Structures are given as structure tokens and as C-alpha cells.
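Worksheet for the structure shown next.
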Amino acid sequence: MTKLLKTTGIITASILLAACNSGGGGGGSSDPNDIPGRDNTGVAVYDFDGIRIGKYSNACQDAPSVFATDNLYANISWEVAPGNQNPDGTINHDGKQHDVDDNVVKNILRAAQLSLEVLASDHNMNIVNDFNMGIADDEKLEICIVPPLGQHALATRNYFEIGTGRTNKNLDNILDHEFVHVTNYRVAKHPLSAEAWELWLLEGVATYFENRAQVSRDTMLRFTNTGFLPTDIISLWEAHLYRMAGGDQSIEYSSYSSVFAYLEHMGSTNEDVWNYFKLLGELETNCRLTQYEAHHNGYTDRETGKYFPPFTVGESYDYSERYDMTGMFCVNEDDEGYNDPSKENASVLTWVYDPSVGKEIAVGANNHSEIAFNQAFYEKTGVSYMEIRNKEFFSRNITNGFL
Ligand SMILES: [Zn+2]
């Protein structure tokens, strides 16, 4: 399991696709696609004929765009025959895009733009400045419309894929959920590695902001009786183990979400939640700066006092570029090359203040989330990351104290 968690690289689209199953919509026998959603007719959509050429990968494999709004643009995916996906992720297509009615594309785009605006407005955030989502054409978030995705959608920092199986409130619900993910990533700025993302936390925030979900004490007991706490589910692996232990998938996200309801009860605000993602990004920036400094000017280990001269072997590396797409620059102590600048992947420690312990600690890929959590929530709530991961604390304060 440890090995699995240490796998580096940005979280992949498939992980999020599998992870996001929200927005089921209405209940009973009514079709959730028939429940009226927001009136988005006032959202401006204009023709946008082009292909984004920029630093971000194109979600729609360079399929030409068709329409845009202020912050988004939409493409329709290529029709791809089975087996025509190359190992590197590119596809072989015959230049034919799926046949999707213009009105369907425009409706998804309008609903998406409105969802983004509602999120920003509800949280007093600015789409361009706070969400880091520009209005120039090459800064817009790309929405790739993939009809075979049906009712599903997935979101990453740079693009959004969505099927054509949802309309009305059913469409609004999934957009509201996915846009929390997108904007969380945008606020964090860096493409963080899988270690920095905790499944319960990401889905808990998205679900909490989507509908303020909170479970009853009895439901939480059903969750924890599997032997797992919601906060144990840090990756799809633990989610799998939870289900194997008899866990009910339908209460997962709302159980994660209840942790945020508890934090709010203890004094945190929406702003603190957004700050968590901002701090996560700042930790990463700090690590990159420390690394850069050490490699160019030398480094004295704070614990041993040992001095390491400037790193010369790989001086030509552009560190920001080298790590921009692979994720974290904060490293684990057992990473190869740790504290040894003579090795190509040598890394040094970055020390940051953790208010829950009242001192600076070394940040690494395995405690990024913990430190950002404590920096964002500890002072106002008195609740530390270690505590919400602790069975006794969770039972006493959340299951039996709050719910
Ligand atoms: Zn999600």
C-alpha cells in the first residue's frame, strides 16, 4: 500500500472519473433530467472557432472548438474507433467529431459558466483573480464534450470532460460538484502529485460545497463500523478496501463531507477551506525555491549541520520545467538521493510552521496535506489533522459529539 501511495505524478483523469459519482439528482421515479435547473438563458455564448495552443494539454485532442463563454470554451470530442487509443494517450481518429446538436453544446456551456459564477459569488471569490482562471482565449478552461461519457464528468486543473446524458438540475448538480474540484486545483496552482491529494478531503469539500451534505450519527456509525474512518480514505485504494469490508458506497461522500460540517461547527469558514488549497500550493512553491537555492548556492542541513556544496552535475536542469508536470518538489526522507546533492535527484528539506505542534517541521510529499490542513484550520477550530485521523477522537467528537 505504501508503494501505491508513493507513486508520483499528477492525479490522472481516470482517477477523478472513477471518484466523482455525485449529482445523482432527484429521487423516486422522476427523471432527474426533467427537474428544472437554473435559468441560464442570459449567459452569453459566442462562436469560437479554433484550437487552443498553449502550455496545457488539450483535453479534446486538438478537436476544433465551437463555442465559448467568458471563462470557458467547448470542443466536441473525436469519434474514435475502439483500440485507436495510443499508449501515450494520443488517439487515431479520422477527423470526424461526434455529432452533437449545437443547442446541446450551448446549453452545457451556459450551465457551466453559470455554475462557475454561482460558486464564485457564493464564496466571495473572483473568477479571474482568486480562481486563477483567465478570460483570454488561451486561459479559458476547456470543456470537452464526450457523448459516450453519458451521465459522467471529470475535472482536472486544465480541462473538464462531460457526457451529454444530463440536462436541467441533473446537469447543474454535477457541474456544481466538478467546478469545486476545478477551482480547488486552480487555487492550489501547481499540479500537485497524488500524495498531496486526499480523496476524502477533495470529495468531502466538493460535496460539502455542492449541497452541505452531512450524515446522521447512525449513518456515520455504519461507515465507521467497517473499521474505517472517512478520513482514512486517502486514495481509491482505501475506498476499495472500505467497500470490500462491506462499506456502503452511497454514504461515502456525505460522510467525508460531514468532517467539513464539523470543522465549520468548530469555527472554520468557507474561506479557510479555500485557504487550505492555497496553502498547499504555497508549500509546493516553498519547496521548489528551497531546492533551487540549495542546488545553486549550497545547503547546510539544519539537523546535522553538514554542508553540501552547490550541485553542479545537473546545473543545466530547468527545475521548474522539470517538475512542473510531475508534481511535488517536497520529498520523502526515503526518496533516493535524499540530502545528497551529488545525486541527480538530490533533495533538501523545507521547514514550515505547523501550528498544531507549535514549531517548524520538515514538509514532504507525505505530510503536505497535514501541514496545510493544520495551517488552515487549527487556530480557529483547535482541531488538528492527526485528531481527525484518530479513531478515538473521531468517535468522541464527531460521531458521538457533533452528529
Ligand atoms: Zn468529485
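The values are calculated or read from the model by the stated rules, or taken from the named source; none is laboratory data. All figures in this text were calculated on a predicted structure; none of them were measured in a lab. All Cβ positions, glycine included, derive from the backbone under ideal geometry; neighbour counts span all protein chains shown. Heads up: the accessible areas ignore ligands, DNA and RNA and are worked out on the full protein's heavy atoms, side chains in. Shrake-Rupley method; radii C 1.70, N 1.55, O 1.52, S 1.80 Å.
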Rounded if a/c is under 1.5, else prolate if a/b beats b/c, else oblate: with a ≥ b ≥ c from the C-alpha gyration tensor eigenvalues square-rooted, which is the range 200-243? oblate
Please compute the modelled spin-label separation between ASN33 and GLN97, points set 7 Å along Cα→Cβ, answer in nm with one decimal. 2.1
Taking the Cα of ASN211, stepping 7 Å toward and past its beta carbon, and measuring to each backbone N in the range 136-162: which are under 13 Å? none
Treat each spin label as a single point 7 Å out from the Cα along the C-beta direction, and report the ASN297 to VAL104 distance in nm. 5.8
For the range 145-261, just say rounded, prolate or oblate: build the C-alpha gyration tensor, square-root its eigenvalues into a ≥ b ≥ c, call rounded for a/c under 1.5, and beyond that prolate if a/b exceeds b/c, oblate if not. prolate
Taking a probe of 1.4 Å and leaving out DNA, RNA and ligands, the range 68-183 shows per residue an accessible area in Å² of 40
For the range 124-186, how big is Rg over Rh, using alpha carbon atoms and the Kirkwood form of Rh? 0.99
Among the listed pairs LYS169/LYS278; LYS278/LYS359; LYS359/LYS380; LYS96/LYS169; LYS140/LYS189, those beyond 19 Å (Cα-Cα): LYS169/LYS278; LYS278/LYS359; LYS96/LYS169
